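The structure appears below as structure tokens.
What follows draws every value from the coordinates through simple rules; no lab data is involved. From a predicted model like this one, the values you see are computed outputs, not experimental measurements. Virtual Cβ from ideal backbone geometry, glycine too; neighbours counted across all protein chains shown.
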Amino acid sequence: MSTKPLRFKPRVAMAVVVANMIGTGVFTSLGFQLVDIQSGFVILMLWVVGGIMALCGALSYAELGSIFPRSGGEYNFLSEIYHPMAGFVSGWVSATIGFAAPTALAAITFGKYLSAVFPLFSPTWLACTLVLVLTGVHATSRQNSAGLQSIFTVLKIVLILVFCTLCWVMVDVPQSVEFLPSSGDGALIGSASFAIALIFVNYAYTGWNAATYLSGELEEPQKNLPRILVVSTLVVMVLYVLLNFTFLYVAPIDALVGRLDVGYVASQQVFGGLGADIMGVLLSLLLISTVSAMVLAGPRVLHVIGQDFPVFRRMGKANAHGVPALAIWVQALLTLAFILSASFESILVFAGFTLGVNTIFTVGGVFVLRWTKPDLHRPFSTWGYPVTPLIYLLLSGWTLVYILLQRLAEGLSGMLIIAAGVVFYWASVFFGRKIIASEQSSDASG
């Protein structure tokens with residue numbers, strides 16, 4: 001007697017969202033931010049503003065997810081709101097940049113933290129090994145995915161709280177960083193430096209929409225999705241502010257500027273050599289849940305594309321447990337390509353720009369649907385509409401403009417990826433029609 005595959009419970013989806021968000025960005029971006037901004041208050045405001053943006057985006061996605069409760073995230077939303085081409089391009093961006101690149105960054109950071117403690121191990125090969133092991137687990141069953149994800153996400157939250165508490169208690173001399181507003185902070189918040197730094201912060205918050213990629217596999221998605229997105233985003237915002245306060249509280253700014261492994265640097269200041277090594281191992285463990293969550297959520301985009309486009313039909317298939325195993329392995333190969341071929345900061349800015357374009361069109365879809373289909377049934381309506389989605393659009397647009405002004409190469413690379421998605425869409429439609437025509441001809445002759 002066959003049984004339906006298990007669906008993901010809300011707590012598992014929350015674990016996926018939290019784990020997607022808390023990863024590479026918060027443990028690496030502070031060093032880049034401190035190059036131009038050395039005010040503790042402004043740094044914390046970066047993370048608060050980023051959290052408000054993510055929350056506004058999550059509220060907008062919650063409305064769209066309640067209307068269109070199918071897996072696939074932006075691919076599903078943009079296909080329904082605008083045109084199948086918009087959805088395909090979005091899915092193309094999600095598959096190539098939205099998940100493969102951030103998964104690579106999280107795995108690289110895992111490798112760097114662990115190799116800092118064990119120099120004999122190559123950070124690159126540690127990163128590749130982690131991706132392959134987690135892919136093997138998630139390609140089996142939802143039960144295995146849910147168990148692995150829940151355990152490592154709970155571990156992550158506990159370790160962050162323990163790390164912050166130990167740092168506050170054990171630091172010998174706290175740093176003289178000003179966390180209250182002072183003269184010049186207002187001008188700094190409105191500056192190009194703040195906008196560029198916000199790119200890194202927005203990247204750190206990437207993943208607040210992760211549950212929408214699993215909508216079709218959730219228990220009661222129309223009821224549970226809004227709560228999952230909002231609660232998860234608020235939890236992460238609090239943890240991010242705590243972590244950055246802790247880094248600045250215990251470590252000299254000069255020691256943090258330009259460093260990728262800011263958590264390890266902070267640990268050295270508080271715990272000394274051996275203690276820092278232990279914390280380096282623990283911080284690397286935090287990133288396992290991040291890589292795991294992206295390996296779990298990302299391939300669902302490839303899966304629904306495979307269901308809609310004959311050219312990618314094989315990726316639209318699932319195993320006996322309802323898991324898109326082939327799509328999961330395809331994304332793993334894309335991730336390995338990023339790990340082996342690109343620099344960390346270039347991937348980060350490039351991914352930040354491309355994903356920003358993706359989410360702007362999706363959040364803008366809330367306005368489009370309110371105008372074109374005002375009578376559409378909305379099980380959840382965006383709180384604070386139209387202010388909340390407008391805040392997201394304005395702040396996101398601000399950062400994208402500065403990327404084009406300050407980091408033109410990465411911005412143009414992102415636009416080329418989007419253009420390539422348009423080409424692939426028309427090619428997929430063309431060859432898909434040929435496949436269908438061939439199948440119909442075979443059926444007729446048979």
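In terms of the mean number of neighbouring beta-carbon atoms within 10 Å, the peptides 64-74, 125-135 order highest first as 64-74, 125-135.
When the chain is treated as a Gaussian network with alpha carbon springs shorter than 10 Å, the biggest mean-square fluctuation among 276, 297, 210 belongs to 276. When only alpha carbons are used to place a centre, the stretch 190-234 and the stretch 360-396 end up 15 Å from one another.
Between 34, 340, 287, the Gaussian network model of the chain with springs among Cα atoms under 10 angstrom shows the greatest mean-square fluctuation at 340. When only the Cβ of Lys, Arg, Asp and Glu is charged (+1, +1, -1, -1), the dipole of the stretch 10-433 relative to its Cα centre reaches about 1140 debye.
A straight Cα-to-Cα reach below 13 Å connects residue 112 with the aspartates and glutamates 261, 277, residues fewer than 8 places away in its own chain not being considered.
Could you sort the peptides 86-95, 423-432 by per-residue average Cβ neighbour count (10 Å cutoff), highest mean leading?
Working: 86-95: 25.2, 423-432: 14.4.
In descending order of packing, they fall as 86-95, 423-432.
Considering only 243, 405, 376, the mean-square fluctuation computed in a Gaussian network model of the chain, springs between alpha carbons under 10 angstrom, is largest for 376.
Summing charges over all other residues whose Cβ lies under 13 Å from the Cβ of residue 110, with Lys and Arg as +1 and Asp and Glu as -1, gives +1.
What 222 nm value per residue comes from the helices of the chain, counting each DSSP H run with n ≥ 4 as -39,500 (n - 2.57) and dividing by all residues, nearest 500 deg cm²/dmol?
Values: 18 runs with 334 residues, N = 446.
Roughly -25500 deg cm²/dmol at 222 nm, from the helical runs in the chain.
Which listed residue (33, 398, 334) has the Cα farthest towards the positive end of the charge dipole for the stretch 10-433, taking +1 on Lys and Arg C-beta and -1 on Asp and Glu C-beta about the Cα centre? In the stretch 10-433, that residue is 334. Between the Cα long axis of helix 299-308 and the first principal axis of the chain there is an angle of about 20°, rounded to the nearest 10.
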